[in-house]
Amino acid sequence: MSQLFSPYSIGSVTLPNRIVIAPMCQYSAVNGEASDWHLMHLGNLAMSGAGLLIIEATAVEPEGRISPADLGLWSDATEAALARVLSAVRKYSDIPIAIQLAHAGRKASTAAPWDGGGLVEIEQGGWQTVAPSALAFMPDDPAPTALDTTGLQRILQAFVSAAQRTYKLGLDAIEIHAAHGYLLHEFLSPLSNQRDDEYGGSLENRMRFPLAVFEAMRAAVPMQMPIGVRISATDWVDGGWDLAQSVIFAKALQTLGCAFIHVSSGGLSPLQKIPVGPHYQVPLAASIRAETGLPTIAVGLITEAEEAEAIITDGQADMVGLARGILYDPRWPWHAAAKLGGQVDAPPQYWRCQPREQKALFGDIRFRQR
Ligand SMILES: Cc1cc2nc3c(=O)[nH]c(=O)nc-3n(C[C@H](O)[C@H](O)[C@H](O)COP(=O)(O)O)c2cc1C
């Protein structure tokens, strides 16, 4: 029995297997509104047989976009655009779908990667960025504005109302983006947060705003909607955010009702030294899972079915996240199921492709009604 293909519950949502499609920015929205690209992209991934599809970083306010073409969920128009995409996807797939809600903080207002990824000036359609402290990501970049109490309150409310819109859209779960050097991570890390008020300084103070955001969102939507958090478990910089602080943060989130933790790393500082290699972030996930018992997603260069299976059977994580590997091979879960003796849900239009040697791959499809 494959453990990778065993069901798993996060709160009241049951995933058919442990494979999670990690959030991936598409830089293909117009004024934050999902486009036909999202229909194709999410439609494609919704047929992958994965256990959970997490929609890309979705900005809770326009200034929270990484690029002007980021997806957003801050208005009736952005909500309606996503509703159109989701209703088409839902006609043909019942894959559980989560959304990553995000604010890019000081890393906002940049060009899409294929346009170089550099800063977009205000005159070119960019905007003034905000952060815990007026410290730029790159020393030569213009400094972000340090958020005051009014700004903090505005952003907290933006997260809350995006959570409410997520619930209205009928999505299955929310992932809060507190990783990769974006706004909430910027509050956590002493490298980017040098405030001298109650939101900076001690670990308790640096965690205060991200925890307040979590708590307010949790209170704003019914408990049936699981809310989890993606973190960077370490900055990979001496004196920065690290695993020990991540464990304390995860425990605090757990107390507030966090449904899962998605363990990534890095992205906060250009000084990071990342020991990149297969599974390099899995030990971080394993530590957090061991210390907290929170449902944990491991992610990062997990590419082989047998390795993903081992991560689950060895108890290093409860779910595995795939990003680049599943863009490359959107049927990765089908192929993994074929290798490991698991089963995936496939649309009936494709049932005839089931390989002869894998008669059980799509379950007993002979008499199944759709
Ligand atoms: C095209 C692309 C877009 C990404 N966008 C996001 C994003 O929106 N939010 C996020 O947390 N991580 C994002 N990431 C990081 C991935 O979710 C993932 O953590 C990373 O790629 C490592 O997993 P992998 O080795 O399976 O690709 C992105 C990665 C890629 C390749």
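The values are calculated or read from the model by the stated rules, or taken from the named source; none is laboratory data. Everything numeric in this text was worked out from a predicted model, so none of it was measured. All Cβ positions, even for glycine, are placed from backbone atoms using ideal geometry, and neighbour counts span all protein chains on display.
The figures follow:
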| quantity | calculated |
| --- | --- |
| The one condition in (1) outside any helix (DSSP H, G or I); (2) more than 30 Å from PHE260 (Cα to Cα); (3) at pLDDT 95 or above that PRO139 fails to fulfil | (3) |
| Matching option when the condition is of a type outside the set (Phe, Trp, Tyr) and either without any contact (Cβ under 8 Å) to a residue 40 or more places away in the chain or buried (at least 21 other Cβ atoms within 10 Å of the Cβ) (or both), among VAL120, VAL85 | VAL85 |
| Complete set of residues in region 104-117 that are within 12 Å of the ligand (Cβ to nearest atom) and touching a Leu at 6+ places or on another chain (Cβ under 7 Å) | ALA104 |
| Tally, over region 243-294, of residues that are within 14 Å of the ligand (Cβ to nearest atom), assigned to a helix (DSSP H, G or I) and surrounded by fewer than 21 Cβ atoms within 10 Å (Cβ to Cβ) | 0 |
| Matching residues, region 78-118, being within 21 Å of MET40 (Cβ to Cβ) and in contact with a strand residue (DSSP E or B) (Cβ under 6 Å, 6 or more places away or on another chain) | THR78, ALA81, ILE95, PRO96, ILE97, ALA98, ILE99, GLN100 |
| Total residues in region 301-310, condition within 14 Å of the ligand (Cβ to nearest atom) and over 24 Å from GLN100 (Cβ atoms) | 3 |
| Pairs where the first residue, in region 343-367, is more than 20 Å from SER6 (Cα to Cα) and the second is among the hydrophobic types (A, V, I, L, M, F, W, C) and not in a loop (DSSP other than H, G, I, E, B), C-beta under 8 Å, 6+ apart | PRO355/ALA338 |
| Subset of region 282-316 [in contact with a Lys or Arg (Cβ under 7 Å, 6 or more places away or on another chain) and in contact (Cβ under 8 Å) with a residue 60 or more places away in the chain] | ALA305, ILE312 |
| Of residues in region 34-44 being more than 12 Å from the ligand (Cβ to nearest atom) and outside any loop (DSSP other than H, G, I, E, B), the one nearest to the chain's Cα centre (by Cα) | LEU42 |
| Every residue from region 1-33 that is within 16 Å of the ligand (Cβ to nearest atom), within 13 Å of ILE297 (Cβ to Cβ) and in contact with a Pro (Cβ under 7 Å, 6 or more places away or on another chain) | ILE19 |
| Condition check for GLU63: more than 23 Å from PRO222 (Cα to Cα), at pLDDT 95 or above, touching a strand residue (DSSP E or B) at 6+ places or on another chain (Cβ under 7 Å) and of a type in the set (D, E, K, R) | yes |
| In region 311-323, residue nearest to LEU45 (Cα to Cα) [restricted to those that are under 20 Å from the mean Cα position of the chain (by Cα) and more than 12 Å from the ligand (Cβ to nearest atom)] | MET319 |
| Out of ASP197, ASP235, sole residue that is of a type in the set (D, E, K, R), within 21 Å of the chain's Cα centre (by Cα) and assigned to a loop (DSSP other than H, G, I, E, B) | ASP235 |
| Count of residues meeting criterion [surrounded by 13 or more Cβ atoms within 10 Å (Cβ to Cβ) and in a loop (DSSP other than H, G, I, E, B)] in region 348-362 | 4 |
| Residue within region 326-333 that is part of a helix (DSSP H, G or I), of a type in the set (Ser, Thr, Tyr) and within 16 Å of the ligand (Cβ to nearest atom) present | yes |
| Criterion: within 16 Å of the ligand (Cβ to nearest atom), surrounded by 23 or more Cβ atoms within 10 Å (Cβ to Cβ), within 19 Å of PRO16 (Cβ to Cβ) and under 19 Å from the mean Cα position of the chain (by Cα) - qualifying residue of ALA298, ALA336 | ALA298 |
| SER109 among the polar types (S, T, N, Q) and farther than 26 Å from PRO16 by Cβ | yes |
| Residues being assigned to a loop (DSSP other than H, G, I, E, B) and within 18 Å of ILE261 (Cα to Cα) - total across region 302-313 | 1 |
| Test set (1) of a type outside the set (Lys, Arg); (2) closer than 29 Å to PHE362 by Cβ; (3) assigned to a loop (DSSP other than H, G, I, E, B); (4) more than 13 Å from the ligand (Cβ to nearest atom) - PRO68 fails condition number | (2) |
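Conditions tested, residue by residue: (1) within 16 Å of the ligand (Cβ to nearest atom); (2) assigned to a helix (DSSP H, G or I).
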{"site": "GLN153", "(1), (2)": "no, yes"}
{"site": "THR166", "(1), (2)": "yes, yes"}
{"site": "LEU171", "(1), (2)": "yes, no"}
{"site": "GLU204", "(1), (2)": "no, yes"}
